[in-house]
Amino acid sequence: MRIAVLGATGMVGSRVVDEASARGRRVIALSRRPVGRTAGSPNVTPVAVDANDSRALRGALAGSASHGGVDAVVLAVRTVPVDEEFLVGTTRTVLDIAAELGIRVLVVGGAGALRSPDDPHLLVADNTAFVPAGIKAVAAAGIAQLRTCQSHPDADWVYLSPPAQLEAGIRTGGYRRGTDTLLVGADGRSWISAEDLAVAVVDELETPGPDHHVTVVHRSERPST
């Protein structure tokens, strides 16, 4: 399996590159400036591409003389501050290209698009217990991104929502998988490390499930720091 990762230098994207290449997968690491850790493995080919350039992005996914086409693409882009228009536009472009080329798409989205664990009629984005006012725009952008996927019936896609908290940590390889409702671990936390989220991403690509919207949470207690 050949996997492209768009957003390969970000917190999640870089971990997906590491995880996939460690499993022996060929990885095309796509970012505006592919540097650092993305070039550290013989299984990784860094490719500079601007997500706003649909022609260049199509060429990167379709393949070139230096690398073949890909079987799947992981979309793991984020902007600070949040730019919903960019996020939705990039998602639509990737879905269009993937549908044309027959490529599976895994979108690393946001927790805001999930249902609340105690009220299935309340989105996490509207639940102040999980989403304070300061990150409301981030949650709203994630919902718009999911709606973009749902409006594209021709593409083969899955939207992976992380739990409420996602941060750099350690790789344990353990997580619990769900569908469209926020998960809470046995320790009462809705949390996962970026490293274990990357494990879930590659697992989902290698063994696709039937669901279009999935989520994960840590399996054991959060490691102490």
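The values are calculated or read from the model by the stated rules, or taken from the named source; none is laboratory data. Note that the structure is predicted; figures quoted are calculated from it, not measured. Counting neighbours? That spans all protein chains shown, and the Cβs are built from the backbone with ideal geometry, glycine included. All accessible areas refer to the heavy atoms of the entire protein, side chains included, with ligands and DNA or RNA removed. Shrake-Rupley method; radii C 1.70, N 1.55, O 1.52, S 1.80 Å.
Whenever a residue of region 1-19 is in contact (Cβ under 8 Å) with a residue 24 or more places away in the chain and of a type outside the set (Val, Ile, Thr), its partners that are open to solvent by 20 Å² or more (accessible area, probe 1.4 Å) and in a helix (DSSP H, G or I), lying with C-beta atoms within less than 6 angstrom and at least six residues away or across chains, give the pairs SER14/ARG37; ARG15/GLU195. From the list ALA144, ALA186, ALA155, ALA194, the lone residue that is over 15 Å from GLY110 (Cβ atoms) and touching a helix residue (DSSP H, G or I) at 6+ places or on another chain (Cβ under 8 Å) is ALA155. Among the criteria (1) within 15 Å of ASP203 (Cα to Cα); (2) modelled with pLDDT of 95 or more, the one LEU6 does not fulfil is (1). Considering region 9-47, and only residues there that are charged (D, E, K, R) and open to solvent by 20 Å² or more (accessible area, probe 1.4 Å), the residue that is modelled with the lowest pLDDT turns out to be ARG37.
Only one of the numbered conditions (1) more than 21 Å from VAL5 (Cβ to Cβ); (2) modelled with pLDDT of 95 or more; (3) of a type outside the set (D, E, K, R); (4) out of contact with any strand residue (DSSP E or B) (no Cβ under 9 Å at 6 or more places or on another chain) is not met by ILE143, and that is (4). Of the set (1) at pLDDT 95 or above; (2) open to solvent by 40 Å² or more (accessible area, probe 1.4 Å); (3) under 18 Å from the mean Cα position of the chain (by Cα), all apply to ASP50 but (1). When PRO132, PRO163 are screened for being of a type outside the set (S, T, N, Q) and crowded, with 22+ Cβ neighbours inside 10 Å, only PRO163 passes. Just one of VAL94, VAL70, VAL74 is under 20 Å from LEU205 (Cβ atoms) and assigned to a strand (DSSP E or B); which is it? Matching residue, one of VAL94, VAL70, VAL74: VAL74.
As a summary of the residue check, LEU183 satisfies the conditions (1) touching a residue at least 60 places away in the same chain (Cβ under 8 Å); (2) open to solvent by less than 10 Å² (accessible area, probe 1.4 Å); (3) in contact with a Pro (Cβ under 7 Å, 6 or more places away or on another chain) except for the one numbered (2). Among the residues of region 166-179, just one is under 12 Å from LEU114 (Cα atoms) and either open to solvent by 20 Å² or more (accessible area, probe 1.4 Å) or not small (Gly, Ala, Ser) (or both), namely THR179. How about region 186-198: which of its residues are touching an Asp or Glu at 6+ places or on another chain (Cβ under 6 Å) and either surrounded by 17 or more Cβ atoms within 10 Å (Cβ to Cβ) or in contact (Cβ under 8 Å) with a residue 60 or more places away in the chain (or both)? Of everything in region 186-198, just one residue is touching an Asp or Glu at 6+ places or on another chain (Cβ under 6 Å) and either surrounded by 17 or more Cβ atoms within 10 Å (Cβ to Cβ) or in contact (Cβ under 8 Å) with a residue 60 or more places away in the chain (or both), namely ALA198. If you check VAL124, VAL158, VAL108, VAL131 for being among the hydrophobic types (A, V, I, L, M, F, W, C), modelled with pLDDT of 95 or more and farther than 24 Å from VAL70 by Cβ, only one passes: VAL124. Only one entry of GLY68, GLY134, GLY89, GLY24 meets the criterion of being out of contact with any Pro (no Cβ under 7 Å at 6 or more places or on another chain) and within 22 Å of HIS212 (Cβ to Cβ), and that entry is GLY89. Among the residues of region 105-129, the ones that are among the hydrophobic types (A, V, I, L, M, F, W, C), out of contact with any strand residue (DSSP E or B) (no Cβ under 7 Å at 6 or more places or on another chain) and surrounded by fewer than 18 Cβ atoms within 10 Å (Cβ to Cβ) come to 1 in all. Counting the residues of region 87-102 that are farther than 22 Å from ALA140 by Cα and surrounded by fewer than 23 Cβ atoms within 10 Å (Cβ to Cβ) gives 6.
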